[in-house]
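The values are calculated or read from the model by the stated rules, or taken from the named source; none is laboratory data. Because the structure is a prediction, the values reported are computed rather than measured. Reconstructed Cβ throughout: ideal geometry from the backbone, glycine too, with neighbour counts over all protein chains shown.
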Amino acid sequence: MLALGFSSGLPLLLVFGTLSFWLREAGVSRTSIGFFSWVALAYGVKWLWSPLVDRLPLPLLSRWLGRRRSWMLLSQGIIMAALTGMALSDPTTDLAQLAVFALAVAFASATQDIVIDAYRIESAPERLQGALAAAYMTGYRLAMILAGAGALAIAAWAGSDTGYDMTGWQTAYLAMAGCMLVGVITCLLLHEPQVDLGEQQRSQQEHKDHLVANGWPGWLAGLVAFGKSAVVAPFADFFQRFGWHALLILGLIASYRIADVVMGVMANPFYVDMGFSKTEIATVTKVYGVIMTLAGAAFGGVLVSRYGTLRILMLGALLTAGTNLLFALMSQLGPDVRLLTVIISLDNLSAGIATAAFITYLSSLTNVAFSATQYALFSSVMLLLPKFVAGFSGLAVDAIGYAGFFTGTAALGLPVLVLIAVVNKRIPAQQRRLE
């Protein structure tokens, strides 16, 4: 799970924060950068094709690798090819081409997330999901640091530390494409999880037979039966288990990361505008970010086991919103590497605690019979609203400045605290399986 988390986390910043740095350094406007971040909306709509990933076999690959690993390998191959395409696209002359390849990375990465989340849920019993989530998150955060600090360091080494140099960014993105081999090798070494799909298959066959008996053509009856089993059943199961409380849960999931994601689009443009070099940002993020990420992941796992998921969700939301205020402070005090070190350290620690609790919570809501589709729904809802709002972040900075923007993103986290309290009070304890 550590290696799969790494493979899952690597592409995200390459179409998000690191790409924002590249675009800003190339002279692209903040408003355009904000709208460019919408390519990451692919992560917010992955539930649309998750039923296909959950149930549709791939020719040849599924027979060779199995249901989960075949989709995993296909998505990893597309990510590597699309990152190579991004590396060969200069935003000063080929911005539209760069956007197409970035969109391909986002869609393939979202597909990989669907498969890896399902694999994690299916590969171990519920009592081990917290530990698997911590290992996955550690790998994910390490990959994000490599895709952020590592990519900046490579771009500075191969090109220019303080000015725009296409050669540096080309080298960095080609190196990131090569790093995806971690996921490919892991996929080939894994064992396919054994999940009993007999009940689903029997139900699907019975529905098909019923339709055929009523005069439906065989091919159409099979398609409709597949749709009911793969698409309708996972969503119906979730709402049947939680009733109207499902809307509260979805509201919490949709808003939990909004403060962090909206702020994240403008973080790297902020560093550029403040005058920090690529080396300074990479060094601080690489050293202190790694240490605090590992500490946050471990500490978050311990806290969840000791105090329960919802309490640590509350703590994580509070810490994440609070660290945004530190960025507002730095915008007023000016560039200071020591202050940047403190802020990035606290930001990574908070993110580690929040993400460990959040992944555990999402896993606890999932029925293993529909793991890929249901988890894709949850994680899509988690990102859809934040990514959409983040598209306007450049307009907000241009209108109210960095200090007002960072303060506003901190305020976005306040409704989340209310939702967690309501969910904790309203949903019966027996429905919160990990509490």
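The C-beta contact set for the stretch 395-422 (first residue in contact (Cβ under 8 Å) with a residue 40 or more places away in the chain, second residue in a helix (DSSP H, G or I) and among the acidic types (Asp, Glu), distance under 8 angstrom, 6+ apart or interchain) comprises 402/273.
Report whether or not residue 71 is in contact with a helix residue (DSSP H, G or I) (Cβ under 9 Å, 6 or more places away or on another chain), at pLDDT below 90 and assigned to a helix (DSSP H, G or I). Step through it out loud before you land on a result.
On the way: in contact with a helix residue (DSSP H, G or I) (Cβ under 9 Å, 6 or more places away or on another chain): yes; at pLDDT below 90: no; assigned to a helix (DSSP H, G or I): yes.
Considered against the rule, which asks whether it is in contact with a helix residue (DSSP H, G or I) (Cβ under 9 Å, 6 or more places away or on another chain), at pLDDT below 90 and assigned to a helix (DSSP H, G or I), residue 71 comes out as no.
The residues listed here are 50, 20; of these, the one that is among the small types (Gly, Ala, Ser), closer than 26 Å to residue 203 by Cβ and touching a residue at least 40 places away in the same chain (Cβ under 8 Å) is 50. Kindly evaluate residue 285 against the criterion of being over 24 Å from residue 416 (Cβ atoms) and modelled with pLDDT under 90. Yes. Could you list, in sequence order, the residues of the stretch 174-195 that are crowded, with 17+ Cβ neighbours inside 10 Å and modelled with pLDDT under 90? If the condition is that a residue be crowded, with 17+ Cβ neighbours inside 10 Å and modelled with pLDDT under 90, then 193 is the only one that fits.
A single member of 104, 96, 151, 172 is among the aliphatic types (A, V, I, L, M) and touching a Ser or Thr at 6+ places or on another chain (Cβ under 6 Å), and it is 151. Each residue in the stretch 1-31 was checked for being part of a loop (DSSP other than H, G, I, E, B) and aromatic (Phe, Trp, Tyr), and 1 of them qualify. Just one of the listed residues (58, 52) is farther than 23 Å from residue 175 by Cβ and part of a helix (DSSP H, G or I), namely 52. Those helices (runs of 4 or more DSSP H) of the stretch 196-266 in which at least 1 residues are at pLDDT 80 or above, within 31 Å of the chain's Cα centre (by Cα) and small (Gly, Ala, Ser), considering only elements entirely within it, cover 233-242, 245-255. Of the numbered criteria (1) closer than 20 Å to residue 9 by Cα; (2) buried (at least 17 other Cβ atoms within 10 Å of the Cβ); (3) out of contact with any Ser or Thr (no Cβ under 8 Å at 6 or more places or on another chain); (4) among the small types (Gly, Ala, Ser), the one residue 295 fails is (2). Would you confirm whether or not the stretch 121-130 contains a residue that is under 30 Å from residue 354 (Cα atoms), in a helix (DSSP H, G or I) and among the aliphatic types (A, V, I, L, M)? The answer is yes; a qualifying residue exists.
Each row is one residue, and each column tells you yes or no for (1) closer than 20 Å to residue 308 by Cβ; (2) crowded, with 23+ Cβ neighbours inside 10 Å; (3) without any contact (Cβ under 8 Å) to a residue 60 or more places away in the chain.
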site	(1), (2), (3)
327	no, yes, no
333	no, no, yes
348	no, yes, no
358	yes, yes, no
367	no, no, no
375	no, yes, no
381	no, no, no
384	no, no, no
390	no, yes, no
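Here is the figure for the stretch 344-363: residues that are more than 25 Å from residue 148 (Cβ to Cβ) and either at pLDDT below 80 or among the charged types (D, E, K, R) (or both) total 1. Checked against (1) under 30 Å from residue 271 (Cα atoms); (2) exposed (fewer than 15 other Cβ atoms within 10 Å of the Cβ); (3) in contact with a helix residue (DSSP H, G or I) (Cβ under 7 Å, 6 or more places away or on another chain), residue 163 passes all but condition (3).
Just checking, which of 83, 74, 88 is touching a residue at least 40 places away in the same chain (Cβ under 8 Å) and crowded, with 17+ Cβ neighbours inside 10 Å? Walk me through how you get there before you give the answer.
Details: 74 fails: touching a residue at least 40 places away in the same chain (Cβ under 8 Å); 88 fails: crowded, with 17+ Cβ neighbours inside 10 Å.
Step by step, each of 83, 74, 88 is checked, and only 83 is touching a residue at least 40 places away in the same chain (Cβ under 8 Å) and crowded, with 17+ Cβ neighbours inside 10 Å.
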